[in-house]
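Step one of this worksheet: look at the structure below.
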């Protein structure tokens with residue numbers, strides 16, 4: 001369990017919070033490219049780390065993320081007119097460019113007044129179908145993100161996002177908890193079109209007591225879950241976690257690799273970013289359609305990226321399906337099975353009341369590394385956070401069979417490195 005002050009340290013990400021400072025040192029997924037489809041398109045409201053902003057693409061196609069509220073009288077610029085290289089407030093016509101600079105105050109045309117006005121702004125870049133934002137000190141802006149899902153051709157990847165009604169950390173902790181798969185997802189392993197048919201599914205279903213071995217990596221952790229297999233072997237599922245909020249889930253058979261980013265909106269809500277990609281081939285039409293339909297780690301959402309199965313409709317839970325063992329929790333869909341239970345813990349889980357066991361070692365070590373990093377950065381603004389180096393980001397998950405007695409980090413070392421065109425290691 002955590003003490004109250006430790007729980008606050010790792011869950012709070014607003015301005016001035018130590019963990020918020022950690023997040024702001026990384027490029028973070030902010031929007032799907034489809035949300036800002038072209039020059040002078042509609043602006044988009046965006047709240048991240050308890051900061052309310054508005055994103056837009058100007059006439060030349062440049063991306064901008066600025067304070068949502070006009071410097072004049074505080075009107076939301078989401079109502080603004082996106083035109084002629086800027087966003088114009090509809091109240092009195094004040095206009096701001098993608099850097100937040102005021103470029104026109106129509107009522108004071110020759111006063112030079114607008115030269116003194118600037119809104120908070122953050123740089124954005126586009127990569128892999130995602131619009132990324134950096135919200136930290138300009139002098140510490142890191143290199144561009146090199147996560148493999150964002151660097152393969154778009155034909156080889158699919159990315160989705162959904163709103164989740166809980167703190168980012170309890171969502172992340174679900175993403176690195178391999179032990180729950182044998183229970184919560186047991187009904188989906190042989191039904192989901194992007195999971196079924198893999199030999200590894202049977203190891204998950206036949207051994208309900210995995211042994212965890214967690215090793216530190218340059219950028220975070222490798223969380224290894226070991227299950228019994230035949231011929232003096234173990235079936236290993238190795239999940240990388242990278243500081244602060246990136247996970248890659250081990251693949252199954254020749255199905256695509258998948259994973260998540262858990263990006264705080266505020267302390268009680270987050271964006272669950274989910275991706276599937278194949279490192280050596282295009283996704284098939286059927287695979288892509290299945291992902292759009294909510295298969296694998298993805299979820300069906302409405303136009304605001306809110307899940308169709310959500311708290312107010314009890315996630316469309318089917319008690320009959322639960323009793324019959326079709327779905328262990330009675331909820332259809334791997335992604336929403338996770339979200340429903342993570343949200344059930346409350347907006348911010350009270351970790352002072354939990355009772356952890358050996359299968360929670362990955363979660364325990366993740367919290368330790370997060371707290372250590374937050375404290376180190378608070379003490380030294382020049383501290384180099386793990387996971388910022390692009391080489392740290394070139395990791396893969398792996399599902400492998402290894403002889404008993406071998407340490408997974410050594411025996412699967414090559415399998416855990418991402419490289420263009422290199423097949424993934426899967427069972």
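Of all the criteria given as (1) in contact with a strand residue (DSSP E or B) (Cβ under 7 Å, 6 or more places away or on another chain); (2) at pLDDT 95 or above; (3) crowded, with 16+ Cβ neighbours inside 10 Å, the one not satisfied by residue 127 is (1). The condition of being over 21 Å from residue 214 (Cα atoms) and either in contact with a helix residue (DSSP H, G or I) (Cβ under 6 Å, 6 or more places away or on another chain) or at pLDDT below 95 (or both) holds for only one of 379, 324, that being 324. Screening the candidates 136, 187, 175, 197 for the property of being in contact (Cβ under 8 Å) with a residue 60 or more places away in the chain and more than 20 Å from the chain's Cα centre (by Cα) yields one hit, 187.
Considering each residue of region 180-187 in turn, at least one proves to be farther than 27 Å from residue 64 by Cα and in contact with a strand residue (DSSP E or B) (Cβ under 9 Å, 6 or more places away or on another chain). Every condition in (1) touching a strand residue (DSSP E or B) at 6+ places or on another chain (Cβ under 9 Å); (2) without any contact (Cβ under 8 Å) to a residue 60 or more places away in the chain; (3) surrounded by fewer than 19 Cβ atoms within 10 Å (Cβ to Cβ) is met by residue 82 except one, and the failing one is (3).
Do we find a residue being more than 25 Å from residue 427 (Cβ to Cβ) and in contact with a strand residue (DSSP E or B) (Cβ under 8 Å, 6 or more places away or on another chain) anywhere in region 370-384? Within region 370-384, none of the residues are more than 25 Å from residue 427 (Cβ to Cβ) and in contact with a strand residue (DSSP E or B) (Cβ under 8 Å, 6 or more places away or on another chain). Test each condition in (1) at pLDDT below 95; (2) within 19 Å of residue 171 (Cβ to Cβ) for residue 307 and report the one that comes out false. Looking at each condition in turn, residue 307 falls short on (1). Residue check: residue 171 meets all listed conditions (1) modelled with pLDDT of 95 or more; (2) surrounded by fewer than 20 Cβ atoms within 10 Å (Cβ to Cβ) but one, namely (2). When the residues of region 60-72 are narrowed to those that are in a loop (DSSP other than H, G, I, E, B) and touching a strand residue (DSSP E or B) at 6+ places or on another chain (Cβ under 7 Å), which ends up farthest from residue 101 (Cα to Cα)? Residue satisfying both the conditions and the ranking: 68. Among the candidates 210, 251, the residue that is modelled with pLDDT under 95, crowded, with 20+ Cβ neighbours inside 10 Å, in the same structural domain as residue 372 (by TED's automatic domain parsing) and within 23 Å of residue 295 (Cβ to Cβ) is uniquely 251.
The values are calculated or read from the model by the stated rules, or taken from the named source; none is laboratory data. Keep in mind that this is a model prediction, so the values were computed, not measured. Ideal geometry is used to build each Cβ from the backbone, glycine not excepted, and the neighbour counts take in all protein chains shown.
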